[in-house]
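The values are calculated or read from the model by the stated rules, or taken from the named source; none is laboratory data. These numbers were taken from a predicted model, which means no experiment stands behind them. Cβ: placed from backbone, ideal geometry, glycine included. Neighbour counts: every protein chain shown. Remember, those area values only see protein heavy atoms, side chains included, never the ligands or the DNA or RNA. Shrake-Rupley method; radii C 1.70, N 1.55, O 1.52, S 1.80 Å.
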Amino acid sequence: MEEKINKLEQRIQECMRPYQHAITLWTSMPGIREVTAWSLVVEIGTNPEQFPQGSHLTSWAGMCPGNNESAGKRKSGKTRKGNRWLRRTLNQAACAAARTKNTYFAARFHRLAAKRGSKRAIVAIGHKILVLAHYLLQHNCPFRELGADYYQRLRAPSLSQSLVRRLQRLGYEVTLAPAQHVM
């Protein structure tokens with residue numbers, strides 16, 4: 001049985017050789033391995049012009065949150081059905097990306113899971129992966145990791161003020177001074 005599986009994988013690799021550039025770009029993202037990239041090639045192709053923006057692609061795939069609103073009241077945020085094979089592949093890739101260490105996707109997952117729950121966070125990470133996959137293909141560039149501390153670096157002043165206020169509420173007197181870097 002393993003011999004048959006190996007033969008099939010070799011055959012798939014031969015068939016995917018013309019799309020190797022897109023597969024290389026996509027496998028630069030955490031959570032996406034070669035088999036996942038093959039699925040992306042099969043489901044969305046390698047022509048970024050068929051979807052003008054990544055948001056069009058995510059809408060077609062059914063990875064966008066719903067927008068059922070009436071009289072200013074949000075009723076449902078349920079996602080559409082979309083392409084079920086692509087959704088399944090993206091959810092698996094999102095689970096894998098969320099389990100990586102010291103990556104942007106893991107940090108984003110933990111931030112979203114704390115507020116919305118892990119299932120919604122997985123869908124959000126899958127959405128982000130698909131938008132980035134479209135971007136990488138459109139701009140022909142590999143994925144650049146932002147790091148797990150991206151959100152902390154993004155809002156460092158407000159984060160330090162928030163932490164100072166929390167310590168003051170606990171009864172501590174806090175003074176901030178620049179750190180002395182030892183080389």
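From the convex hull of the Cα coordinates of the chain, what is the mean projected area in square nanometres? Average projection, Cα convex hull of the chain: 17.2 nm². Answer rounded, prolate or oblate for segment 101-161, using the Cα gyration tensor with square roots of eigenvalues a ≥ b ≥ c: rounded when a/c is under 1.5, else prolate when a/b is larger than b/c, else oblate. Verdict is oblate for segment 101-161.
Compared with the alpha-carbon gap, the fully stretched path from GLN152 to GLN50 is longer by 33.1 nm at 0.36 nm per residue. Mean separation of Cα pairs under 8 Å and 6 or more residues apart, divided by the residue count, gives the chain a relative contact order of 22 percent. So for segment 28-119, considering every pair of alpha-carbon atoms, how many percent are separated by more than 21 Å? Result for the distance tail: 42 percent. Rounded to the nearest 0.05, what FRET efficiency do LEU167 and LYS78 give with R0 = 45 Å and r taken as the Cβ-Cβ distance? Could you check? Working from the Cβ atoms, E equals 0.65.
Adding -39500 (n - 2.57) for every DSSP H run of four residues or longer, then dividing by how many residues the chain holds, sets the calculated 222 nm ellipticity at -19000 deg cm²/dmol.
When the solvent-accessible area of the chain is split by element, carbon and sulfur atoms take up 52 percent of it, the probe being 1.4 Å. Near GLY62: Cβ cut-off under 9 Å, other residues only, Lys/Arg at +1 and Asp/Glu at -1. The net charge is +4.
Once segment 65-170 is represented by equal point scatterers at the alpha-carbon sites, with solvent omitted, what log10 I(q)/I(0) does the Debye formula produce at q = 0.11, 0.24, 0.25 Å⁻¹? With one equal scatterer per Cα and no solvent, log10 I(q)/I(0) is -0.48, -1.28, -1.32. Structure note, pairs LYS73/LYS119; LYS81/LYS119; LYS78/LYS128; LYS78/LYS119: Cα-Cα distances above 19 angstrom occur for LYS73/LYS119. Using a Gaussian network model of the chain in which every pair of alpha carbons under 10 angstrom is joined by a spring, one finds that among ARG144, ARG111, ARG155 the greatest mean-square fluctuation is at ARG155.
Each of the peptides 24-37, 125-138 was scored by the mean count of other Cβ atoms within 10 Å over its residues; in descending order, highest first, they stand as 125-138, 24-37.
Solvent-accessible area per residue in the chain equals 71 Å², computed with a 1.4 angstrom probe and all protein chains kept.
Here the contact order of segment 24-130, divided by its residue count and restricted to Cα pairs under 8 Å and six or more residues apart, works out to 27 percent.
Here the Gaussian network model covers the chain, with springs between Cα atoms less than 10 Å apart; of VAL42, VAL123, VAL164, VAL164 fluctuates the most. If you run the Gaussian network model on the chain, springs between alpha carbon atoms under 10 Å, then out of TYR172, TYR19, TYR151 the most flexible one is TYR172. Return the distance in nm (one decimal) between the two label points of a simple spin-label model at GLN10 and VAL35, each offset 7 Å from Cα along Cα→Cβ. Each label point lies 7 Å from its Cα, and together they span 1.9 nm. Could you compute how fast segment 16-69 diffuses translationally, taking Rh as the Kirkwood radius over C-alpha pairs and applying Stokes-Einstein at 25 °C with viscosity 0.890 mPa s? Give it in µm² per second. In µm²/s, the coefficient rounds to 199.
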